[in-house]
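Encoded as structure tokens, here's the structure I'll be asking about.
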Amino acid sequence: SGARGMLGVGLSSRPDDAGYEALRDEFLAEYEGALDRDSRLFDGIADCLAALRASGLRWGIVTNKATRFTGPV
């Protein structure tokens with residue numbers, strides 16, 4: 001459930017609560033600012049991606065992230 005789920009579990013905040021939109025916007029701004037701060041490739045992935053590129057196979061990434069957060073990661 002993305003940000004909605006995290007705000008619900010972490011802060012017991014729901015979309016129909018007063019102030020939810022401002023809280024969500026603040027959360028997403030913080031999230032966007034720290035997207036790749038601690039992100040790392042799993043061992044062997046760089047070689048795997050290079051092999052996929054070299055092979056000419058089509059490949060992709062499946063994620064539940066919104067498009068604006070996917071590219072930077």
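Kindly state, to the nearest 0.05, the FRET efficiency for residue 61 paired with residue 26, given R0 = 30 Å and r defined as their beta-carbon distance. Write out the running numbers ahead of the final one.
Working: r = 27 Å, r/R0 = 0.91.
Using R0 = 30 Å, I get an efficiency of 0.65.
What residue among 50, 22, 34 has the largest mean-square fluctuation in a Gaussian network model of the chain, using Cα springs under 10 Å?
Judging by the Gaussian network model, the answer is 50.
If you place +1 on the Cβ of every Lys and Arg and -1 on the Cβ of every Asp and Glu, how big does the dipole about the Cα centre of the chain come out, in debye to the nearest 20?
For this selection, approximately 380 debye.
What is the extension gain from residue 12 to residue 51, computed as 0.36 nm multiplied by their sequence separation minus the C-alpha to C-alpha distance, in nm to one decimal? Walk me through the numbers on the way to the answer.
Values: separation 39, 0.36 × 39 = 14.04 nm, distance 4.47 nm.
Taking 0.36 nm per residue and subtracting the Cα distance, the gain is 9.6 nm.
Determine the share of the chain's accessible area contributed by carbon and sulfur atoms, expressed in whole percent, with a 1.4 angstrom probe.
Ligands and nucleic acids excluded, carbon and sulfur reach 53 percent.
Against the longest alpha carbon principal axis of the chain, how many degrees, from 0 to 90 and to the nearest 10, is the axis of helix 45-55 turned?
50
Further question on the same structure: Which residue, 56, 33, 19, has the most motion in a Gaussian network model of the chain that connects Cα atoms within less than 10 Å?
56
The values are calculated or read from the model by the stated rules, or taken from the named source; none is laboratory data. This one's a predicted model, so the numbers in the text were calculated from it and none came from an experiment. Counting neighbours? That spans all protein chains shown, and the Cβs are built from the backbone with ideal geometry, glycine included. Surface areas here come from the heavy atoms of the whole protein model, side chains and all, with no ligands, DNA or RNA. Shrake-Rupley method; radii C 1.70, N 1.55, O 1.52, S 1.80 Å.
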